[in-house]
1. In the list 314, 300, which residue meets the criterion of being of a type in the set (D, E, K, R), more than 18 Å from residue 161 (Cα to Cα) and surrounded by 11 or more Cβ atoms within 10 Å (Cβ to Cβ)?
2. For the stretch 182-236, how many residues meet the condition of being assigned to a helix (DSSP H, G or I), buried (at least 18 other Cβ atoms within 10 Å of the Cβ) and among the polar types (S, T, N, Q)?
3. Are any residues in the stretch 317-331 out of contact with any Phe, Trp or Tyr (no Cβ under 9 Å at 6 or more places or on another chain), surrounded by 16 or more Cβ atoms within 10 Å (Cβ to Cβ) and not β-branched (Val, Ile, Thr), and if so, which ones?
4. Is at least one residue of the stretch 160-178 closer than 30 Å to residue 86 by Cβ, within 14 Å of the chain's Cα centre (by Cα) and not in a helix (DSSP H, G or I)?
5. Looking at 134, 116 in this structure, which one is in a helix (DSSP H, G or I) and either buried (at least 19 other Cβ atoms within 10 Å of the Cβ) or free of Cβ contacts under 8 Å to residues at least 40 places away in the same chain (or both)?
6. All but one of (1) under 20 Å from residue 10 (Cα atoms); (2) buried (at least 24 other Cβ atoms within 10 Å of the Cβ); (3) of a type in the set (Val, Ile, Thr) hold for residue 162; state the number of the condition that does not hold.
7. Got a number for residues in the stretch 20-45 being surrounded by 18 or more Cβ atoms within 10 Å (Cβ to Cβ), of a type outside the set (Ser, Thr, Tyr) and either touching a residue at least 60 places away in the same chain (Cβ under 8 Å) or closer than 15 Å to residue 204 by Cα (or both)?
Amino acid sequence: MRVVIIGGTGNISTSIVRVLLEKGHDVTCFNRGKSGTLPEGVRQIIGDRYDRESFEKTMQAEKFDGAIDMICFNAEDAESDVRAFQSVGHFVFCSTTCTYGVDYDWLPTTEDHPQRAFTSYGKNKVTAERVFLREYYASGFPAVIIRPSTTYGNKLGLLRQIAWDYSWLDRIRKGKPILVSGDGKAIHQFLHVDDAAYGFVGALERDNCIGQAYNLVRDDFYQFDTYHRTAMEIIGREVPMIGIPLDTLTAIDVKRFQICFDEFAFNDYYSSAKIYRDIPEFRPKISLKEGMTMVLDSMERDGRIPNSDDIRWEDDLIELSMKLRDYKFIG
């Protein structure tokens with residue numbers, strides 16, 4: 001199959017390219033050519049998808065068999081994709097579980113759950129999904145919607161519950177306590193990018209997936225305190241976790257702790273039953289400990305773990321919370 005990926009050098013798409021090559025597909029990546037490198041055998045078309053006319057004409061002329069769009073973020077991008085890929089047999093759109101929001105009617109959350117996105121990212125992905133589904137029902141546009149949860153790998157690094165920050169890994173290494181939200185017991189699903197790639201490629205290869213939406217998640221979950229303790233086990237040092245209420249965190253600095261407010265402070269548990277049923281190639285094999293070890297090794301090699309001695313906000317917040325007695329000690 002002649003496949004084009006819009007993107008191809010990102011957190012998940014790097015692994016998708018590798019799996020496509022392994023399965024014998026003819027792979028092209030359309031991107032701006034400004035980040036990452038592509039493996040041998042992958043063709044690159046350099047361009048800007050926001051130059052709509054040029055992007056659409058280029059894609060129409062190529063007559064690809066299948067397409068995967070990793071960087072479609074809103075309804076306008078989706079409308080452009082529909083025009084660009086009228087001739088493809090399969091089209092896979094990377095959406096997100098953020099389309100559900102965090103106000104769940106049931107857990108595990110299935111694909112037919114109401115979408116209550118409240119972040120701009122989630123809301124825009126909902127509008128894109130609606131364009132693709134509208135076109136599927138109106139004209140048979142061969143769209144498949146994939147909704148990943150937290151999908152981690154070497155490019156993204158190891159996130160933490162409380163903030164978009166990597167200094168927590170150095171704090172553990174140096175024996176410093178780390179912050180969590182509340183009691184650190186919020187549940188979450190973590191999927192390594194190498195496993196995620198089989199979900200995307202499997203959806204591209206199967207006719208029964210057209211017109212469907214899938215949660216791209218493992219069939220298990222972890223509490224965030226377990227996730228953090230797994231990092232401690234890998235690093236070889238155990239440190240205390242200090243829990244601070246979400247309301248306190250957001251009152252102090254809503255921007256810094258946005259990731260927590262948007263998702264990580266809540267119980268997120270999405271059903272994997274549908275994707276396991278329809279895409280048998282998707283059977284995650286990389287355990288949390290194995291995946292975190294690989295990513296941590298990569299971050300160490302690349303010097304991507306900041307020196308926590310140069311970053312004061314976490315120590316200051318721990319000190320303040322103890323003065324105010326607004327914390328929970330999690331040993």
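Throughout, read-outs are computed from the coordinates displayed, never taken from laboratory work. In this text the structure is predicted, and so the values were computed from the model without any measurement. Cβ placement follows ideal geometry from the backbone for every residue including glycine, while neighbour counts extend to all protein chains displayed.
1. Among 314, 300, only 300 is of a type in the set (D, E, K, R), more than 18 Å from residue 161 (Cα to Cα) and surrounded by 11 or more Cβ atoms within 10 Å (Cβ to Cβ).
2. Within the stretch 182-236, residues that are assigned to a helix (DSSP H, G or I), buried (at least 18 other Cβ atoms within 10 Å of the Cβ) and among the polar types (S, T, N, Q) number 1.
3. 317, 327
4. Filtering the stretch 160-178 for residues closer than 30 Å to residue 86 by Cβ gives none.
No, the stretch 160-178 contains no residue that is closer than 30 Å to residue 86 by Cβ, within 14 Å of the chain's Cα centre (by Cα) and not in a helix (DSSP H, G or I).
5. On inspection, the qualifying residue turns out to be 134.
6. Residue 162 satisfies all of (1) under 20 Å from residue 10 (Cα atoms); (2) buried (at least 24 other Cβ atoms within 10 Å of the Cβ); (3) of a type in the set (Val, Ile, Thr) except (1).
7. 3
Each row is one residue, and each column tells you yes or no for (1) touching a residue at least 40 places away in the same chain (Cβ under 8 Å); (2) touching a Ser or Thr at 6+ places or on another chain (Cβ under 6 Å); (3) over 22 Å from residue 294 (Cα atoms); (4) of a type in the set (Val, Ile, Thr).
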{"site": "142", "(1), (2), (3), (4)": "yes, no, yes, no"}
{"site": "159", "(1), (2), (3), (4)": "yes, no, no, no"}
{"site": "167", "(1), (2), (3), (4)": "yes, yes, no, no"}
{"site": "173", "(1), (2), (3), (4)": "yes, no, no, no"}
{"site": "201", "(1), (2), (3), (4)": "yes, no, yes, yes"}
{"site": "210", "(1), (2), (3), (4)": "yes, no, yes, yes"}
{"site": "220", "(1), (2), (3), (4)": "no, no, no, no"}
